[in-house]
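Please read the structure below before turning to the comments.
The values are calculated or read from the model by the stated rules, or taken from the named source; none is laboratory data. Values in this document were obtained by computation on a predicted structure and should not be read as measured data. Glycine also receives a Cβ, built like all others from the backbone with ideal geometry; neighbour counts cover every protein chain displayed. SASA here: full protein model, heavy atoms, side chains in, ligands and nucleic acids out. Shrake-Rupley method; radii C 1.70, N 1.55, O 1.52, S 1.80 Å.
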2 protein chains.
Amino acid sequence: MNISDFLTSIVPFDSAELGDILSCFEKKKFSKNTMLIEQGEICKTLYFIESGIGRSYFLKKDGKEVTQWFFGSGKFMSSVDSFFQQTPSLYYLEIIEDSVVYSISKSKMDELFSKYHKMEHFGRQVSIEMLTKVVNKLNAIQFQTAKERYEYMLEEFPDISHRVALGHIASYLGMTQETLSRIRR
Amino acid sequence: MNISDFLTSIVPFDSAELGDILSCFEKKKFSKNTMLIEQGEICKTLYFIESGIGRSYFLKKDGKEVTQWFFGSGKFMSSVDSFFQQTPSLYYLEIIEDSVVYSISKSKMDELFSKYHKMEHFGRQVSIEMLTKVVNKLNAIQFQTAKERYEYMLEEFPDISHRVALGHIASYLGMTQETLSRIRR
DNA sequence: CTATTCCTTTGACATAAATCAAAAACTAAA
DNA sequence: TTTAGTTTTTGATTTATGTCAAAGGAATAG
């Protein structure tokens with residue numbers, strides 16, 4: 001999904017506003033396995049995925065990767081708390097499929113928020129939507145069996161579930177890849 | 001914590017704005033065991049807890065209650081997605097200790113959001129803070145042992161952990177009360 | 001095209017936490 | 001204070017999922 005369609009689907013920006021907003025974004029292409037942010041860095045850029053897939057993950061003490069979220073087409077990708085609160089990121093951000101993204105810096109984003117009341121509204125809407133999604137995942141993880149969790153995954157990320165490594169999905173769902181492999185069969 | 005202190009701690013409202021905003025809230029007292037919202041209802045009111053404690057919970061298919069969140073002094077309490085998106089609530093909202101709360105209707109809240117750019121900013125900040133907290137809980141639930149989860153609870157809700165029923169905490173942490181009882185010992 | 005590396009599946013076994021059941025310890029009411 | 005109700009603790013057993021180990025398949029680079 002296109003970024004300007006996404007913006008206007010949530011808030012009715014007029015064309016002047018939209019032009020101004022879009023001019024703050026920069027279009028980029030990233031190839032598979034590109035790392036956007038390392039754990040511990042402060043996230044200074046917000047990304048919008050036009051096409052492709054990204055994920056956030058962190059390393060457990062034992063060195064195992066744990067996927068925290070997937071970002072598909074039409075979604076903003078960042079380490080939310082690191083970007084908005086300028087604290088060290090708990091996660092790595094990685095592009096896992098060749099992607100076209102739009103990026104914007106924290107300072108530009110803040111300018112837009114203070115320049116346009118509508119933009120602030122947009123930001124709030126997107127945050128609440130994300131909050132709802134995280135709560136859904138939490139409920140799935142907390143109260144469902146491994147099998148039901150996989151079904152949640154298929155619903156939440158229908159376009160992504162079959163394009164990423166099994167191990168990434170397993171850790172996202174809080175189970176081992178052996179367990180997920182057995183469930184899929 | 002007082003509501004006007006809370007508002008100004010996040011956004012520097014001037015006294016006229018603050019007065020206008022506060023006039024939209026209504027102060028109420030609720031006693032223990034009051035139900036504010038039932039599962040399935042659309043949440044039309046947002047609450048701010050000045051003192052006391054509330055919780056949200058839902059019923060699993062087998063009829064067991066599962067605590068979803070605790071709301072202590074200085075926090076907004078609602079069924080977030082139901083309130084902001086006006087969809088049926090997945091949760092019950094219950095006051096579990098005699099409380100003093102400020103309530104505001106969805107329509108008044110929306111008026112404030114559109115009247116004051118600063119209020120929209122406030123809303124975004126609060127949403128992001130909540131998002132961060134839910135992500136923290138998610139990480140605790142997903143990757144930590146029962147014991148570590150209890151330690152997370154003590155950190156996140158230091159003032160609440162010793163005031164609510166063990167069963168409520170156990171279900172919040174995604175474990176049985178027997179397990180929590182064994183951990184505490 | 002072939003070799004190396006990575007990813008997925010399968011099997012055997014271990015374990016944290018759930019379940020079931022009942023006793024003990026609080027709380028609140030009469 | 002006695003009674004009834006609720007909440008917490010303790011014990012015995014079960015179970016879903018994790019861990020460890022190895023083999024089979026796919027993908028990628030040279």
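Just the projected area, averaged over all directions, of the convex hull on the alpha carbon atoms of chain B: how many nm²?
Mean projected area of the Cα convex hull: 10.5 nm².
Enumerate the residues in segment A:122-165 having an amide nitrogen under 19 Å from the point lying 7 Å beyond the Cα of B:Lys60 toward its Cβ.
Only A:135-153 fall inside the zone, counting backbone N under 19 Å.
Per residue of segment B:102-107, what does 6.51 cos²θ - 1.76 cosθ + 1.60 with θ = phi - 60° give for ³J(HN,Hα)? Whole Hz please, x for Gly and Pro, Karplus curve as stated.
Running phi through 6.51 cos²θ - 1.76 cosθ + 1.60 with θ = phi - 60° gives 10, 10, 9, 7, 4, 5 Hz.
For B:Glu65, place a label point 7 Å from Cα along the Cα-to-Cβ direction in every copy; what are the distances to the other copies, in nm, shortest first?
Here the equivalent label points are 4.3 nm apart from this one.
Can you bin the protein assembly as shown into rounded, prolate or oblate? Criterion: square roots of the alpha carbon gyration tensor eigenvalues sorted a ≥ b ≥ c, rounded for a/c under 1.5, prolate for a/b above b/c, oblate for the rest.
Since a/c reaches 1.5 but b/c is at least a/b, the shape of the protein assembly as shown is classed as oblate.
Say a label goes 7 Å from Cα toward Cβ at B:Gly19 in every copy; what distances in nm does this one have to the rest, shortest first?
Relative to the other copies, B:Gly19 has label-point distances of 4.3 nm.
Structure shown: which of B:Lys44/B:Lys108; A:Lys32/A:Lys137; B:Lys108/B:Lys133; B:Lys29/B:Lys118; A:Lys27/A:Lys75 lie over 21 Å apart, alpha-carbon to alpha-carbon?
A:Lys32/A:Lys137; B:Lys108/B:Lys133; B:Lys29/B:Lys118
Once label points are set 7 Å from the Cα along Cα→Cβ at both B:Leu166 and A:Ile42, what is their separation, rounded to one decimal in nm?
About 4.5 nm separates the two model spin labels.
What is the Å³ per residue value for the convex hull set by the Cα atoms of segment A:128-185?
It is 74 Å³ per residue.
If you look at just the Cα atoms of segment B:25-105, how large are its Rg and its Dmax in Å?
Cα only, segment B:25-105: 11.9, 38 Å (Rg, Dmax).
Please list, ordered by chain and number, the residues whose modelled amide H lies under 5 Å from the amide H of A:Ile42; skip anything fewer than 5 residues away on the same chain.
Here A:Ser89 satisfy the definition.
Using the Karplus equation 6.51 cos²θ - 1.76 cosθ + 1.60 (θ = phi - 60°), what ³J(HN,Hα) coupling, rounded to whole Hz, does each residue of segment A:77-85 give in order, writing x for Gly and Pro?
10, 5, 8, 3, 5, 5, 5, 7, 10
For A:Ser181, A:Ser82, what's the largest-to-smallest order of accessible area, 1.4 Å probe?
Putting A:Ser181, A:Ser82 in descending order of accessible area: A:Ser181, A:Ser82.
Round to the nearest 10 and report in Å² the accessible area of A:His162, as given by a 1.4 Å probe over the protein chains' heavy atoms.
140
Hey, what angle do you get for helix B:146-156 against the long axis of chain B, alpha-carbon based, 0 to 90 degrees rounded to 10?
20
How long are the semi-axes of the equivalent ellipsoid of segment B:85-185, defined as square roots of 5 times the Cα gyration tensor eigenvalues? Whole Å, largest first.
With the √(5λ) rule applied to segment B:85-185, the semi-axes are 32, 17, 13 Å.
Which cross-chain or sequence-distant (5 or more) residues have an amide H under 5 Å from the amide H of B:Ser51, H modelled 1.01 Å from N in plane?
The answer is B:Val100.
Mind grabbing the interface size between A and B? I mean buried accessible area, both sides, 1.4 Å probe, in Å² to the nearest hundred. Write out the running numbers ahead of the final one.
Values: alone 9940 and 9930 Å², together 16690 Å².
Adding both sides of the contact gives about 3200 Å².
Return the FRET efficiency for the residue pair B:Asp98, A:Ala16: r is the Cβ-Cβ distance, R0 is 51 Å, and the value is rounded to the nearest 0.05.
After rounding, the FRET efficiency stands at 0.45.
Per 0.36 nm of contour for each residue apart, how much would the distance between A:Ser51 and A:Ser4 grow if the chain were fully extended, relative to their Cα-Cα spacing? Write down the numbers at each step before the final one.
Working: separation 47, 0.36 × 47 = 16.92 nm, distance 1.38 nm.
Extra length available between A:Ser51 and A:Ser4 comes to 15.5 nm.
Using alpha carbons only, how many degrees (0 to 90, rounded to 10) separate the axis of helix A:117-143 from the longest principal axis of chain A?
On a 0 to 90 degree scale, this one is about 10.
So what are the ³J(HN,Hα) numbers for segment A:173-184, from phi and the Karplus equation (6.51, -1.76, 1.60; θ = phi - 60°), rounded to whole Hz, Gly and Pro as x?
8, x, 9, 7, 5, 4, 4, 5, 4, 5, 5, 5
Could you order B:Thr145, B:Thr132 so the one with the most accessible surface comes first? Probe is 1.4 Å.
B:Thr145, B:Thr132
State, as an integer percentage, the relative contact order of chain B based on alpha-carbon contacts under 8 Å between residues 6 or more apart.
RCO, chain B: 24 percent.
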